[in-house]
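Input: a single structure, listed below in structure tokens.
The values are calculated or read from the model by the stated rules, or taken from the named source; none is laboratory data. Since the structure is predicted, the reported quantities are computational estimates derived from the model, not experimental observations. With ideal geometry, Cβ positions are generated from the backbone for all residues, glycine too; neighbour counts draw on all protein chains shown.
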Amino acid sequence: MLPLCVRVIIRDWLNANHIVLIGRQRTVLIDSGYGRDTAQTLSKVDAVLAGRPLDWLVNTHCHSDHMGGNAAVRNARRCRVSIPRDEAPLIDAWDEQALWLSYADQRCERFSFDDTVAPGDEFDWGDLNWCAIAAPGHDMAALMFFCEETGVLISGDALWENGFGILLPGPDRNARLAATRATLENIARLPVRTVIPGHGQPFTDVGAALERSLQRLAAFERDELRMVRHVLKVMFVFSLMDRRRLAVDELDGYLESVPLYADFNRQYLQLDRTALADLIVGDLERSGAVHRLDGFLIAT
Ligand SMILES: [Zn+2]
């Protein structure tokens with residue numbers, strides 16, 4: 001299904017997948033996972049490289065589960081680091097709100113990069129030709145990488161087998177929704193045979209995945225509050241996995257202390273603390289994503 005020089009390291013949540021491209025001239029790693037798990041990331045990448053040095057780290061986009069290992073990988077392997085061109089101002093400023101870091105109770109060690117990648121740039125990675133393609137929506141600065149001769153698309157969080165990365169509501173909502181639709185339609189026009197997503201297994205039924213994503217998108221287009229609820233729940237589960245557990249009696253205080261929940265509640269929901277906790281955690285418990293054990297909330 002995938003050429004031998006394209007190796008995928010599937011991770012579970014918190015860490016995005018790593019794609020390792022092994023060529024005669026150089027080795028390239030796409031996305032570095034979450035910072036907490038960097039030791040594991042390095043050993044997994046080293047195992048795939050089998051003695052070759054890592055020359056280059058490139059990010060599909062700058063969220064903590066894709067760039068969290070950048071600082072450690074760069075320090076440990078002295079490799080070149082490239083990020084999408086339009087992420088550079090956020091990384092230079094280390095904008096913790098725009099990058100969804102402390103604003104959403106996520107962590108990432110600050111890193112420096114060597115250069116940027118722009119849509120239309122072409123690369124020889126793994127002895128194949130890859131083209132960077134703009135993939136705005138979930139992250140307006142995101143890129144995908146497409147290899148036409150093999151039909152392989154490295155999609156980041158722009159397209160998964162079941163959906164795509166969260167879309168933030170707010171003043172840019174319509175632009176985000178339109179960009180997401182344009183990105184999905186752009187993928188549909190490409191001769192893609194295999195998608196390597198940022199999360200989950202590679203898949204080949206691209207048409208069915210696009211159909212599911214377009215249906216999800218249409219539901220978000222109809223209902224902004226659905227976007228709000230979805231973002232709050234996804235962010236909460238992410239942080240719960242990062243913290244490993246949260247005391248039930250600390251939940252209200254936690255939701256008040258993380259700016260994302262306080263801001264979204266003020267702007268869209270205007271719920272009291274009990275109702276907000278029930279909206280986020282109650283729903284997650286009912287769906288089985290979160291459970292209680294000895295007074296703690298734990299992601300299932
Ligand atoms: Zn993302």
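Identify, by number, the condition in (1) among the charged types (D, E, K, R); (2) within 15 Å of the ligand (Cβ to nearest atom); (3) over 24 Å from E161 (Cβ atoms); (4) part of a loop (DSSP other than H, G, I, E, B) that R11 doesn't meet.
(3)
Could you please find all residues in segment 170-216 being buried (at least 19 other Cβ atoms within 10 Å of the Cβ), farther than 22 Å from C131 by Cα and within 16 Å of the ligand (Cβ to nearest atom)?
Correct list: R176, S213.
Of the conditions (1) of a type outside the set (K, R); (2) at negative phi; (3) touching a residue at least 12 places away in the same chain (Cβ under 8 Å), E185 fails just one. Which one is it?
Every condition holds for E185 apart from (3).
What are the residue pairs meeting all of these: first residue in segment 135-149, first residue assigned to a loop (DSSP other than H, G, I, E, B), second residue of a type in the set (F, W, Y) and within 12 Å of the ligand (Cβ to nearest atom), Cβ atoms under 9 Å, and 6 or more apart or on different chains?
G137/F164; H138/F164
Residues are listed down the side, and each one gets a yes or a no for (1) at pLDDT 95 or above; (2) out of contact with any helix residue (DSSP H, G or I) (no Cβ under 9 Å at 6 or more places or on another chain); (3) within 21 Å of D139 (Cβ to Cβ):
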residue: M1; (1), (2), (3): no, yes, no
residue: C5; (1), (2), (3): yes, yes, no
residue: L21; (1), (2), (3): yes, yes, no
residue: T27; (1), (2), (3): yes, no, no
residue: S32; (1), (2), (3): yes, no, yes
residue: T41; (1), (2), (3): yes, no, yes
residue: P53; (1), (2), (3): yes, no, no
residue: M67; (1), (2), (3): yes, no, yes
residue: P84; (1), (2), (3): yes, yes, yes
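In segment 105-134, what residues are assigned to a loop (DSSP other than H, G, I, E, B), free of Cβ contacts under 8 Å to residues at least 24 places away in the same chain and either under 30 Å from F236 (Cβ atoms) or not small (G, A, S) (or both)?
If the condition is that a residue be assigned to a loop (DSSP other than H, G, I, E, B), free of Cβ contacts under 8 Å to residues at least 24 places away in the same chain and either under 30 Å from F236 (Cβ atoms) or not small (G, A, S) (or both), then D121 is the only one that fits.
If S155 meets every condition in (1) within 12 Å of the ligand (Cβ to nearest atom); (2) assigned to a loop (DSSP other than H, G, I, E, B) apart from one, which number is that one?
Answer for S155: the failing condition is (2).
In the set W94, W100, which member is surrounded by fewer than 16 Cβ atoms within 10 Å (Cβ to Cβ), within 16 Å of H63 (Cα to Cα) and in contact (Cβ under 8 Å) with a residue 12 or more places away in the chain? Give the steps one after another, and end with the answer.
Numbers: W100 fails: surrounded by fewer than 16 Cβ atoms within 10 Å (Cβ to Cβ).
None of the other options fit; the residue is W94.
Out of segment 64-104, which residues are of a type in the set (D, E, K, R), in a helix (DSSP H, G or I) and away from the ligand (no atom under 13 Å from the Cβ)? So that I can check it myself, show each step before the final result.
To start, the set of residues in segment 64-104 that are of a type in the set (D, E, K, R) comprises 65, 74, 77-78, 80, 85-87, 92, 95-96.
Still in the running and in a helix (DSSP H, G or I): 65, 74, 77, 85-87, 92.
Once the filter is applied, which keeps residues that are of a type in the set (D, E, K, R), in a helix (DSSP H, G or I) and away from the ligand (no atom under 13 Å from the Cβ), segment 64-104 yields R74, R77, R85, D86, D92.
Among the candidates E149, E161, single out the residue that is farther than 25 Å from A88 by Cβ, more than 16 Å from the ligand (Cβ to nearest atom) and either at pLDDT 95 or above or polar (S, T, N, Q) (or both).
That would be E149, the only listed residue that is farther than 25 Å from A88 by Cβ, more than 16 Å from the ligand (Cβ to nearest atom) and either at pLDDT 95 or above or polar (S, T, N, Q) (or both).
Name every residue in segment 1-46 that is touching a Ser or Thr at 6+ places or on another chain (Cβ under 9 Å) and of a type in the set (S, T, N, Q), in order of residue number.
Result: N15, S32, T38, T41.
Among (1) part of a loop (DSSP other than H, G, I, E, B); (2) closer than 18 Å to H61 by Cα, which single condition is P191 missing?
Among (1) part of a loop (DSSP other than H, G, I, E, B); (2) closer than 18 Å to H61 by Cα, the lone unmet condition for P191 is (2).
Scanning for something within 16 Å of the ligand (Cβ to nearest atom), in a helix (DSSP H, G or I), in contact (Cβ under 8 Å) with a residue 40 or more places away in the chain and not hydroxyl-bearing (S, T, Y), does segment 40-59 turn up at least one residue?
No: segment 40-59 contains no residue that is within 16 Å of the ligand (Cβ to nearest atom), in a helix (DSSP H, G or I), in contact (Cβ under 8 Å) with a residue 40 or more places away in the chain and not hydroxyl-bearing (S, T, Y).
Can you tell me which condition I9 does not meet? The list is (1) in contact with a His (Cβ under 9 Å, 6 or more places away or on another chain); (2) touching a residue at least 40 places away in the same chain (Cβ under 8 Å); (3) farther than 21 Å from N129 by Cβ, and all the others hold.
(2)
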